[in-house]
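Below is one structure, written out as structure tokens; comments come after it.
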Amino acid sequence: MSVKDVGDRLAKVAASSGIASKQLRELLKAARTRSLDDLEAVVKYQVGRCVRGYKEFGEAFLQVLDQHRQDKIFIENVLNWICLTTDYYSTEKISNIKPQIEDVAKRIASRFGYQRTEISAERGLSIDIYVSRFPNDPRTVSDQIKEELRRYINELRETEFQVWINPRRR
């Protein structure tokens, strides 16, 4: 298998598991500066610490590491590919469910003059809902929307995200 094939497969695992991009960059740095045995120990250490998103990605990466133990350059290139493409696969997942997110937000926020929904995945998933009549307790409304999103959208059940209620922009 090529670097691209292996890297894409692992990038999709990384995106679905929610591992932080900083964690991936740290792995790439370790691959460039340490031995593959040390890299294996780092991955096992993070999996053992239950770092968010690391278990699923770590186990998949350890399999690739075992298959290509004699080719350090291949492992470095795969990690580089993962670092470059994980965000793409993360946003692809979000863009596929964006209409469902907007439907749930519109249904609940309509009583406050729903205007639009903006979704950002730059620093974790953030859903901004703009309304014309600001509710007395926006936290209650955002919690209700968050609960409904988790209930109706399977992809968000294990995903950490924030919902913000904002007054309309003038």
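Every number here is computed from the coordinates shown, using simple stated rules; none is lab data. What you see is a predicted model; the values in this text were computed from it and never measured. Cβ: placed from backbone, ideal geometry, glycine included. Neighbour counts: every protein chain shown.
Could you give me the radius of gyration and the Dmax of the chain, taking only the C-alpha atoms into account and expressing both in angstrom?
Using the Cα atoms of the chain, the pair Rg, Dmax is 19.5, 62 Å.
How big is the stretch 3-89 by Rg and Dmax over its Cα atoms, in Å?
11.3, 29
Quick one: if you stick a label point 7 Å off each Cα along the C-beta vector at R116 and R34, how many nm between them?
Modelled inter-label distance: 4.6 nm.
Between the stretch 141-170 and the stretch 83-102, how many Å separate their Cα centres?
Cα centres, the stretch 141-170 to the stretch 83-102: 15 Å.
For the chain, list the DSSP H helices whose alpha carbon atoms reach 27 Å or more along the long axis and whose average Kyte-Doolittle value is -0.5 or above?
Membrane-span-like by this rule: 72-109.
List the lysines whose alpha-carbon lies under 26 Å from that of K72, not counting same-chain residues fewer than 8 positions away?
Here the lysines satisfying the reach criterion relative to K72 are K4, K12, K22, K29, K44, K55.
Take each of the peptides 77-85, 154-162, average the number of other beta-carbon atoms within 10 Å over its residues, and list them starting from the highest.
Ranking the peptides 77-85, 154-162 by packing returns 77-85, 154-162.
Report, in deg cm²/dmol and to the nearest 500, the calculated mean residue ellipticity at 222 nm for the chain, where each DSSP H run with n ≥ 4 adds -39500 (n - 2.57) and the sum is divided by the residue count. Display every interim value, and only then the final one.
Details: 6 runs with 108 residues, N = 170.
Taking each H run of at least 4 residues, the total per residue is -21500 deg cm²/dmol.
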